[in-house]
Amino acid sequence: MRLEGIHHITAITGDAPGNVDFYARVLGLRLVKKTVNQDDPTVYHLFYADEKGSPGSDITFFEYPGARRGQAGDGMVHRVVWRVASEEALDFWETRLSAEGIEATGEEGRLTFADPEGLGLELVVAETADEPLIADSPEIPSELALQGFHGVRAYSSQPDRSRSFLEQALGFESRGETAFEARGEQRGSLYQYDATDDPAIPGAGAVHHVAWSSPPDEHEAWRQRVQEAGASPTPVIDRFYFKSIYFREPSGVLFEIATMGPGFTADEPLETLGERLSLPPNYEQLRDQVEPALTPLPNPREAWAAKS
């Protein structure tokens, strides 16, 4: 069995409207699902991805309005890394981010910056045979757009304690002393450690967990393998759009293994993904209570249509 790279990455925001503006308008991702946190249906769970909502491109956010700023530390992912196609793309993004008042640091082959709440982000020029996962944006030429995840960087005070678990239980391959790759038949993603002893503080701008992709028919086998390796996975949880198990790897980072399907078109057509509040069937009866309590959100695609 091989995990098909990153499925999605979930973080926390204290400002859903600002979050939509940054990830959908500035970064050009598609808001593919506007739903609620299934463990707390009073708050949004927003999903941004490529045009099809593909695993490998999906960054998601729980909104806790007014949440204090978090701090990445030991046992937490601190940077999300996307692929782009060229140095020309990096130049484009440096200019675009600067116009938005976002400071970015460039070096050969990469550009680092942070979102408005401090979440670390990076773009890298990556040579790969993986399919580019691109969202349509009238402001961003497709050849310059984000192409899906390249990987994540996590903090750990003792990364060596995770090596055997990552390699033997999860099938990651070593890419140096502190870097690993999860690669399946279709895609791959990097997982890399940076050293710190600073404590992690959850909050806005902090990553909650990173999810890895599994074919649906291998999900139970992954749970058994993780359990036999000494972790404590949750039971399989049906998230409607995919099924999930959660556990912490030895360095403390919260992992999820999520199935590659049924996907975001399970309850709305591809053409209108993310345009209305989607509630899983067991939450639909709460719509009249939940929807009025949620923050109204902008729709960048409506604004683009109005200009055209």
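The values are calculated or read from the model by the stated rules, or taken from the named source; none is laboratory data. Here the structure is a predicted model, which means the values were calculated and not measured. Don't worry about glycine lacking a Cβ; one is built from the backbone with ideal geometry, like all the others, and counts go over all protein chains shown.
Give the residue, chosen from Gly106, Gly101, that is part of a loop (DSSP other than H, G, I, E, B) and either under 20 Å from the mean Cα position of the chain (by Cα) or without any contact (Cβ under 8 Å) to a residue 24 or more places away in the chain (or both). Before the answer, list the steps.
Values: Gly106 fails: part of a loop (DSSP other than H, G, I, E, B).
Every option except Gly101 fails the conditions.
Tell me, please, whether a residue that is touching a Pro at 6+ places or on another chain (Cβ under 9 Å), closer than 22 Å to Thr272 by Cα, modelled with pLDDT of 95 or more and assigned to a strand (DSSP E or B) can be found in segment 15-25.
Within segment 15-25, not a single residue is touching a Pro at 6+ places or on another chain (Cβ under 9 Å), closer than 22 Å to Thr272 by Cα, modelled with pLDDT of 95 or more and assigned to a strand (DSSP E or B).
What helices (runs of 4 or more DSSP H) completely inside segment 206-308 contain at least 2 residues that are under 26 Å from Ala67 (Cα atoms)? Steps first, please.
Values: elements: 219-228, 287-290, 300-307.
Qualifying helices (runs of 4 or more DSSP H): 287-290.
Within segment 105-129, count every residue that is more than 17 Å from Val152 (Cα to Cα) and buried (at least 19 other Cβ atoms within 10 Å of the Cβ).
Adding up the residues that qualify gives 1.
Hey, among the residues in segment 79-94 that are in a strand (DSSP E or B) and buried (at least 21 other Cβ atoms within 10 Å of the Cβ), which one's nearest to the chain's Cα centre (by Cα)? Spell out the reasoning first.
Kept after step one, since they are in a strand (DSSP E or B), are these residues of segment 79-94: 79-84.
Next, only the ones that are buried (at least 21 other Cβ atoms within 10 Å of the Cβ) stay: 80-84.
Values: Val80: 8, Val81: 10, Trp82: 10, Arg83: 13, Val84: 16 Å.
Residue satisfying both the conditions and the ranking: Val80.
Let me confirm something: among Ala293, Ala258, which residue is within 29 Å of Ala200 (Cβ to Cβ), among the aliphatic types (A, V, I, L, M) and in contact (Cβ under 8 Å) with a residue 12 or more places away in the chain?
Values: Ala293 fails: within 29 Å of Ala200 (Cβ to Cβ).
Selected residue: Ala258, the only one of Ala293, Ala258 that is within 29 Å of Ala200 (Cβ to Cβ), among the aliphatic types (A, V, I, L, M) and in contact (Cβ under 8 Å) with a residue 12 or more places away in the chain.
Looking at segment 26-66 only, could you name the residues that are part of a loop (DSSP other than H, G, I, E, B) and over 20 Å from Ala293 (Cα atoms)?
Taking segment 26-66 and keeping what is part of a loop (DSSP other than H, G, I, E, B), we get 27-29, 38-39, 50-57, 64-66.
Answer for segment 26-66, where residues must be part of a loop (DSSP other than H, G, I, E, B) and over 20 Å from Ala293 (Cα atoms): Leu27, Gly28, Leu29, Asp50, Glu51, Lys52, Gly53, Ser54, Pro55, Gly56, Ser57.
Checking the structure you have, find out if any residue of segment 136-144 is hydrophobic (A, V, I, L, M, F, W, C) and under 24 Å from Ala11 (Cα atoms). Full working, then the answer.
Our first condition is that a residue be hydrophobic (A, V, I, L, M, F, W, C); within segment 136-144, this holds for 140, 144.
Among the residues that remain, those that are also under 24 Å from Ala11 (Cα atoms) are: none.
No, that holds for no residue.
Filter segment 147-203 for residues that are assigned to a loop (DSSP other than H, G, I, E, B) and in contact with a Ser or Thr (Cβ under 6 Å, 6 or more places away or on another chain); which is modelled with the highest pLDDT?
As a first pass, look at segment 147-203 and keep what is assigned to a loop (DSSP other than H, G, I, E, B): 147-148, 157-158, 170-172, 175-178, 184-187, 196-200, 202-203.
Now narrow it down to the ones that are in contact with a Ser or Thr (Cβ under 6 Å, 6 or more places away or on another chain): 148, 197.
Numbers: Gly148: 97, Asp197: 91.
Applying the filter and picking the extreme gives Gly148.
Search segment 171-182 for residues that are at positive phi and pair each with any residue that is in a strand (DSSP E or B) when their beta-carbon atoms are under 9 Å apart and the residues are at least 6 apart or on different chains.
Short answer, once both residue conditions are applied: Gly171/Ala182; Gly171/Arg183; Gly176/Gln192.
Do we find a residue being polar (S, T, N, Q) and either surrounded by 21 or more Cβ atoms within 10 Å (Cβ to Cβ) or free of Cβ contacts under 8 Å to residues at least 60 places away in the same chain (or both) anywhere in segment 59-73? Steps first, answer last, please.
In the first step, residues of segment 59-73 are kept if they are polar (S, T, N, Q); the result is 60, 71.
Still in the running and either surrounded by 21 or more Cβ atoms within 10 Å (Cβ to Cβ) or free of Cβ contacts under 8 Å to residues at least 60 places away in the same chain (or both): 60.
Yes: segment 59-73 contains one or more residues that are polar (S, T, N, Q) and either surrounded by 21 or more Cβ atoms within 10 Å (Cβ to Cβ) or free of Cβ contacts under 8 Å to residues at least 60 places away in the same chain (or both).
Just name the residue that is farthest from Thr128 (Cα to Cα) out of those in segment 167-189 that are surrounded by fewer than 22 Cβ atoms within 10 Å (Cβ to Cβ) and of a type in the set (A, V, I, L, M).
The qualifying residue farthest from Thr128 (Cα to Cα) is Ala169.
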